[in-house]
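Here the structure comes first, spelled out in structure tokens, and everything after it is commentary.
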Amino acid sequence: MEIFSNVNWLAVFVGTIISFLVGWAWFSPVLFGKGWAEGSRVELGTVDQMPVFAMVSQLIALFLLALVIGLTAPSNDIITAVLAILAVAVFSASNGAFVQKSRYATAVDFFYIIAVGAAMIACQSLL
């Protein structure tokens with residue numbers, strides 16, 4: 001498929017992995033995890049209690065967002081990438097509001113998407 005011919009796959013994969021690791025830190029008790037868990041009405045568990053489906057889904061979503069950004073990078077269409085990131089972040093906030101997360105938890109989710117989107121754009125620029 002020609003649409004993928006100019007994709008910087010290294011930047012897509014590195015952006016995905018970096019974003020996943022950012023999420024690991026972001027939602028840890030060291031950063032925002034305690035308040036997020038309380039506002040989301042979930043308990044933070046240990047590594048052996050991680051919700052596998054949620055983690056795999058997160059990794060797939062990060063890859064897909066990094067791919068969208070990778071598809072816009074060759075044409076320097078940064079506005080499309082930013083709009084895609086904002087769309088995902090607003091969907092996340094909307095979902096948080098529907099399930100009645102606290103404002104804090106919703107904001108943590110929203111700004112996580114903004115942060116990983118910025119990291120993905122940086123990967124496309126640097127690699």
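The values are calculated or read from the model by the stated rules, or taken from the named source; none is laboratory data. A quick note: this is a predicted structure, and the numbers were derived from the prediction, not measured. Every residue, glycine among them, receives a Cβ derived from its backbone with ideal geometry; neighbour counts consider all protein chains shown. Remember, those area values only see protein heavy atoms, side chains included, never the ligands or the DNA or RNA. Shrake-Rupley method; radii C 1.70, N 1.55, O 1.52, S 1.80 Å.
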So what's the net charge close to residue 96: Lys and Arg +1, Asp and Glu -1, counting the other residues with Cβ under 12 Å from its Cβ?
-> +2
Segment 1-87, relative contact order in percent, only Cα pairs under 8 angstrom and at least six apart counted | 42 percent
Mind pulling the angle between the C-alpha long axis of helix 52-72 and the longest principal axis of the chain? Nearest 10 degrees, somewhere in 0 to 90.
-> 30 degrees
Within the accessible area of the chain (1.4 Å probe), percent carbon and sulfur | 71 percent
Pick from 35, 45, 70: which is most flexible by mean-square fluctuation in a GNM of the chain where alpha carbon atoms under 10 Å apart are linked?
-> 45
Any chance you could get the radius of gyration and Dmax over the Cα atoms of segment 1-63, in Å?
-> 15.0, 46
Helix 78-98 sits at what angle to the longest principal axis of the chain, using alpha carbons and giving 0 to 90 degrees rounded to 10?
-> 20 degrees
Evaluate the charge dipole of the chain about its Cα centre and quote only its size in Debye, nearest 20, assuming +1 on the Cβ of each Lys and Arg and -1 on the Cβ of each Asp and Glu.
-> 280 debye
Rounded to the nearest 500, what is the chain's calculated 222 nm mean residue ellipticity when only DSSP H runs of at least 4 contribute -39500 (n - 2.57) each, over all residues?
-> -24500 deg cm²/dmol
Here the Cα Rg-to-2.2 N^0.38 Å ratio for the chain is 1.10
